[in-house]
Amino acid sequence: MKKFFLASVVAFVGLSLVAPSALLAQGSTDTISIKDPAEYNAYNNAITQTDAKAKASASESFLTQYPQSIVKKTVLDGLMDAYSTFDQTKAADAATRLLQVDPNNLKAMYVYVAVKKQSAGALKGDALNQTLDDAAAMAQKGLAATKPAGVADADFTKQKSTSDPFFHSALAMDARFSKKDLKGAISEYRTELQLDDAADPASTKSGPALNDTLALGQTYSQLDPPDMINAVWFLARAENFAPDSYKPVIDKQAKYWYKRYHGSPDGFDAVMAKAALTVFPPGDLVIKPADTPADIANKVVADTPDLTTLALGDKEFILANASKENAEKLWALLKDKLTEVPGVVIAATTTQIQVAVTDDAKTDKKADFTVNMKTPLDEKDVPAVGSTFVPSPTTPAKAPAKGAAPAPEAKTLTGTYDSYTQSPAQIIVRDGEITSDKPKKAAPAKKPAAGHHKAS
C-alpha cells in the first residue's frame, strides 16, 4: 500500500467553525426562571453582548459565579458560538462542557468534530492520529444522537441532514489517515455524498461535499491496485466545480489516471462532461482500457511484414508477451541466427555473460539475455559488472591523432539464438564471442638493409 500524508491532500474549501443555522441552539429550551436579580443581570449581560470576545468573557464570568444555574446550557451554547469565531481550542472545550450537562446536544458534537477536523491539518504522527480518532468517536455519537424533547420532528430531521454527512466525513478522514483503512474511508465518503445528494443536489457542487469528492477520487487512486475508473470519475467531478485556481492541479491528477487506464487522453472530455451531471458514475459509463502488452505484441506481429527487421528489444517484447503462436512464429525466424547483444553486464564468468538489453531490464538490473561463450575467456578478459557492450560500429575506428588521448575501447558481444522462455522473459544465446573496435597497431616499417656502394 502506498504511503500518504494529510499534508499532501489538495483541499480547496475552508471549514467554518460556526455551526450552521440548521443546528438550532438546543440549550435555548431552558425555562428562564431566575429569581436572583444579580444572577439575572449577569445572565442578561452575557447573552446580549454583540462582540464575540466580550460575550465569551461575560459568559465565563457567569458560569464561574453561577455554576449550577438553570440557564447553564443556554450560556454554554452562546459561549461555544463566541469561541468558534476566534479560538478553536476554547470552542472545543466549550462544546465538551456543554456535552457534560447535555450529552445529546447535536450542535456541541458538530462543533467539537469541526474543530478537531480543522486542527488535524497542522498535525502529524501520533498527534494527528489521536485528533482524528477523537473526532471520529464524537462523530459516531453524533450519528446516534436522538431527538431531544422540545424539538419538532421536522427541525430535528433538518439538523440531521446537515450534521450526518459532516460526521461521515470525519469518519472517512479518520479511516483514511489514522487507521489507514482506505476501503472504510471510501464507504464513509460515499455515504456522505449520498446523504448530501439526497438532501440537496446543489450542495455537492461546493463546500465540504465538493472537497470530499476530491478526497474520494484520491482515495480510490491509493488502493492497491488503484481503482482507476472511480478515481478518474470523482477527480473529474471535483474538477468541474473547483475554484479556477485549483482546476489545473486536479486536472493533472484526473488525466494521469485516465491515461494510465485508457492509454491516451482521448475521450477524457466526454467523461468530464458526464461527471458534471451526477455525483456517482452512471451505469452507461464506459472507459476502454489500454491495450495489454499481449495486445500490442500480437498487433506488431500482424502489422510487420518482416519480423527480422525489428529492433532487438522489440523482438524480446514479442517473445515475452505475444501469444504462444506468434512468439513461435518469430522464434522460427531467429533460431540458430547470429545476433549482437548490446546492453549492460549483470553478471559474468569465463563461460557465461548475463546482459540486460531492454530499458526495463536495465532499470531493474536484471538480465534478459544469457550468452554462453564459444570458448572460455581468460580471467583478465571477463567483463566487469556494469560494463557495456555496444552494437558493432558501421565504420572502422580510427587511430587517435598524435598527442590525443586514446578513445575508450568499445566491445561488441555476439552469439547465436539458442532458446527462450516467455515468463520470465529470458533469451539464451550460444557460441558467444567478444570483438573490439580497438584498431590494431600497424607493424613497424622495416628499414632497408644497409647496402655496399662502390667507390667512385
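The values are calculated or read from the model by the stated rules, or taken from the named source; none is laboratory data. These figures come from a predicted structure and were not determined experimentally. Heads up, the Cβs are rebuilt from the backbone with ideal geometry, glycines too, and the neighbour counts pull from every protein chain shown.
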Determine whether region 138-155 contains at least one residue that is part of a helix (DSSP H, G or I) and farther than 22 Å from residue 80 by Cα. yes
Is it the case that region 114-121 has a residue that's at pLDDT 95 or above, polar (S, T, N, Q), touching a helix residue (DSSP H, G or I) at 6+ places or on another chain (Cβ under 9 Å) and in a helix (DSSP H, G or I)? no
Among the residues of region 267-286 satisfying the criterion of being charged (D, E, K, R) and at pLDDT 95 or above, which is nearest to residue 195 (Cα to Cα)? 274
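So that you can scan it fast, the table gives a plain yes or no per residue for (1) farther than 26 Å from residue 204 by Cα; (2) basic (Lys, Arg):
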| site | (1), (2) |
| --- | --- |
| 80 | yes, no |
| 107 | no, yes |
| 137 | no, no |
| 155 | no, no |
| 158 | no, yes |
| 171 | no, no |
Subset of region 301-317 that is touching a residue at least 24 places away in the same chain (Cβ under 8 Å) and of a type in the set (Val, Ile, Thr) - its residue that is nearest to residue 370 (Cα to Cα): 308
Which residue pairs have Cβ atoms closer than 7 Å, lie 6 or more positions apart in sequence or on different chains, and pair a first residue in region 173-193 that is surrounded by fewer than 20 Cβ atoms within 10 Å (Cβ to Cβ) with a second residue that is among the small types (Gly, Ala, Ser)? 181/175; 184/175
For residue 93, state whether it is assigned by TED's automatic domain parsing to the domain that holds residue 147 and buried (at least 22 other Cβ atoms within 10 Å of the Cβ). no
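Which is of a type in the set (S, T, N, Q), at pLDDT 90 or above and more than 20 Å from residue 338 (Cβ to Cβ), of 350, 375?
Working: 375 fails: more than 20 Å from residue 338 (Cβ to Cβ).
Of the residues listed, the single one that is of a type in the set (S, T, N, Q), at pLDDT 90 or above and more than 20 Å from residue 338 (Cβ to Cβ) is 350.
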Odd one out for residue 55 among (1) at pLDDT 95 or above; (2) within 30 Å of residue 173 (Cβ to Cβ): (2)
All positions within region 59-87 that are farther than 16 Å from residue 39 by Cβ, surrounded by fewer than 20 Cβ atoms within 10 Å (Cβ to Cβ) and of a type outside the set (Phe, Trp, Tyr): 85, 87
